[in-house]
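**Student:** First, the structure itself, so that you have it in front of you.
The values are calculated or read from the model by the stated rules, or taken from the named source; none is laboratory data. Not measured: the values here are computed from a predicted model. Cβ placement follows ideal geometry from the backbone for every residue including glycine, while neighbour counts extend to all protein chains displayed.
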Amino acid sequence: MKIKTLFFFLYLAAFFLCTSSAQGITDILPFEKTDRVLFMAPHPDDEAIGTGGLIQQAVSQGLPVKVVYFTNGDNNQLAFIVYEKRILFRKGAFVFMGEVRRKEAIKAMGLAGIDKKSLIFLGYPDFGTMHIFTKYWMDKVPFRSMLTRVTEVPYKECFSYRASYTGESILIDLKTILEDFMPTKIFVSHPVDANVDHRAFYLFLRVALWDLEKNIKAPIIYPYPVHSVGWPKPRGFHPDLDLRPPETLAGADIRWFKFDLDKKKIEKKRSMISCYRSQIQYNPPYLFSFDRKNELVGDFPDITVTEQIGQVNWQGIKEELGSSQVSDTDSEESFEGVSYAQKNGILYIRMELKKILSVNMGINVFLFGYNKHVPFAAMPKIRIRIGFRGNTIVYDKRRQISIPGLQVKQGEKELFVQVPLARINNPDYILSAVLASNKGLPSYETAWRILKLK
C-alpha cells in the first residue's frame with residue numbers, strides 16, 4: 001500500500017512538473033543577500049502594478065532598492081480630464097498633472113517601505129521617449145512634447161532638471177544611475193509592450209549597459225509586461241486568479257518567470273495601486289487587474305546571427321509577432337514572421353507576408369546598430385520603408401538618405417532586404433523591429449529584438 005501511494009505521489013509530481021514546463025512558466029529565482037535591486041517604471045504606477053509584490057519582497061529582505069521613473073506620465077489627457085473634471089488646454093496644467101503623479105508614486109512607494117530618497121524621477125516626455133530614441137540624437141533641436149509643449153525636463157525635483165529631450169540626455173542619466181547604484185537585478189518594462197514608452201525604456205537600458213560593460217558587472221534583467229491588447233482578463237480585482245502571459249505572446253520564445261504573492265502582499269499591493277487616484281478614476285477596474293496571485297517577468301533571448309560560408313542559412317529564428325500599437329483588425333494584410341542571416345558582410349532580413357503588399361500597405365524595418373568603438377549617438381538610426389511594388393525610402397533618424405549596396409527584393413508573399421554592414425558602421429549588436437502600416441497608420445509590429453552579430 002505504501003509503495004502504491006509513493007508511486008501515486010511521484011506520478012502527481014511528474015504531472016505538475018510537466019504541466020508547468022509545458023506552460024513555459026517557472027518560479028523566479030529568489031533575491032540573494034548580496035542583491036541590489038533596481039525597478040524601472042516608464043510611468044508612475046507601472047512599478048506598482050507590474051512589480052508591487054517583488055518590491056515588497058526586496059524591501060522585506062532589507063536589500064538596497066531604488067525605483068527610476070522614466071516619465072512623470074504627463075501626457076494621459078483622458079485620465080487628467082476625468083481627474084480634474086475639466087478639459088485641459090494650458091501646458092502648465094499638464095506639467096501640474098505630472099507633479100500629481102510624482103506625488104502619488106512617493107505615497108505608493110512609501111507604503112512599500114521605500115524612502116523618497118530612493119525614488120529617481122527623470123521627467124522625460126510621456127509618449128515621446130520612443131520618438132527620442134528613433135530620431136533625436138546629435139540634434140540641435142530637441143524633441144518637443146505634444147501636451148506640455150516643452151523641450152526639456154520641466155520638473156525641479158527631477159534627476160536632471162532642464163535636461164534636453166535628446167537621446168544623449170537620457171543615456172547619460174541612466175549610465176550615471178547604474179554606475180552609482182551598481183544593481184545586480186533590474187526589473188524593467190518589456191520590449192514587446194504595446195506602449196511606446198515601455199519599449200523605449202528597455203532599449204535605452206540595453207544601450208546603457210553595453211556602454212558600461214567594462215565599468216560594472218552585468219546585472220540580470222527581468223522585463224515585466226503591462227500593456228497588451230485585451231490583457232489581463234477578466235478586469236478588476238481578482239486576488240484568487242493567476243496572472244498568465246498575454247495570448248498574443250503564446251508562441252513567443254520568452255522564458256517566463258512568476259513570483260507568487262501571499263494574501264498580505266496582495267492586500268499591500270492593492271493599497272499601493274490605490275494611491276494612483278489620477279489613473280484609477282477614468283478606468284477603475286484596469287489597474288487592479290494586475291493584483292493577483294503572482295507577477296510575471298520574462299525576456300526574449302538575444303538572436304545570434306553568425307557569419308556564414310556557402311548558402312545562406314536562416315538561423316532558426318522566426319520572429320513571433322508582438323503586440324499591435326493599434327489593433328489586429330487588419331492582420332490579414334500584415335506579415336507573419338521575420339528571420340535574419342549574415343554572409344560576406346551583409347545582413348539578410350526575410351519577412352514572410354500573408355499576402356502581397358497593396359497600394360495602402362507599407363513595411364518599415366528598423367536597424368539601430370551598436371558598435372562598442374563608436375558612440376551610440378553617432379551610429380545610424382536606420383528605417384527602411386518598403387511600399388507597393390518594392391518602392392523603398394531610407395531614413396537615418398529624420399533625414400532621408402541612401403545606402404549604397406542596399407537591396408530590396410519582393411516576392412508574392414516574401415520580402416528580402418540586404419544591408420551591407422560596413423554602411424551602418426559594422427555594429428556588434430543591432431536593435432531591430434519591423435512595423436506594418438496601412439494607410440499610414442500602424443497595424444502590426446514585432447517586438448524590438450537584439451541581434452548579436454558574430
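**Student:** List the residue pairs whose Cβ atoms are under 9 Å apart, where the first residue sits in region 225-240 and is closer than 14 Å to V196 by Cα and hydrophobic (A, V, I, L, M, F, W, C), the second is modelled with pLDDT of 95 or more and buried (at least 17 other Cβ atoms within 10 Å of the Cβ), and the two are 6 or more positions apart or on different chains.
**Tutor:** Filtered contacts from region 225-240: V226/P42; V226/D46; V226/I49; V226/G50; V226/S189; V226/H190; V226/H198; V226/F290.
**Student:** With a cut-off of at least 2 residues that are farther than 30 Å from N344 by Cβ, modelled with pLDDT of 95 or more and among the basic types (K, R), name the helices (runs of 4 or more DSSP H) lying wholly within region 228-310. Quick ask: steps written out before the conclusion?
**Tutor:** On the way: elements: 263-274, 277-280, 284-288.
Correct list: 263-274.
**Student:** Something else: Just the residues that are touching a strand residue (DSSP E or B) at 6+ places or on another chain (Cβ under 6 Å) and of a type in the set (F, W, Y), please, taken from region 234-275.
**Tutor:** W256, F257, F259
One line per residue, one yes/no per condition, for (1) among the aromatic types (F, W, Y); (2) surrounded by fewer than 17 Cβ atoms within 10 Å (Cβ to Cβ); (3) outside the structural domain of V338 (by TED's automatic domain parsing):
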site: L249; (1), (2), (3): no, no, yes
site: F257; (1), (2), (3): yes, no, yes
site: K268; (1), (2), (3): no, no, yes
site: Y282; (1), (2), (3): yes, yes, yes
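**Student:** Residues in region 216-227 that are assigned to a loop (DSSP other than H, G, I, E, B) and of a type outside the set (A, V, I, L, M): how many?
**Tutor:** Selection size over region 216-227: 4.
**Student:** Here is a list of conditions, (1) within 22 Å of D180 (Cβ to Cβ); (2) in contact (Cβ under 8 Å) with a residue 40 or more places away in the chain, and I106 meets all of them except one; can you say which number that is?
**Tutor:** Of the numbered conditions (1) within 22 Å of D180 (Cβ to Cβ); (2) in contact (Cβ under 8 Å) with a residue 40 or more places away in the chain, the odd one out for I106 is (2).
**Student:** When you check V207 against the structure, is it under 25 Å from Q400 (Cα atoms), among the aliphatic types (A, V, I, L, M) and either in contact with a helix residue (DSSP H, G or I) (Cβ under 8 Å, 6 or more places away or on another chain) or not in a helix (DSSP H, G or I) (or both), yes or no?
**Tutor:** When the stated conditions are applied, V207 passes them.
**Student:** So V326 ticks every box in (1) at pLDDT below 90; (2) over 24 Å from the mean Cα position of the chain (by Cα); (3) among the β-branched types (V, I, T) but one. Which box is left unticked?
**Tutor:** (2)
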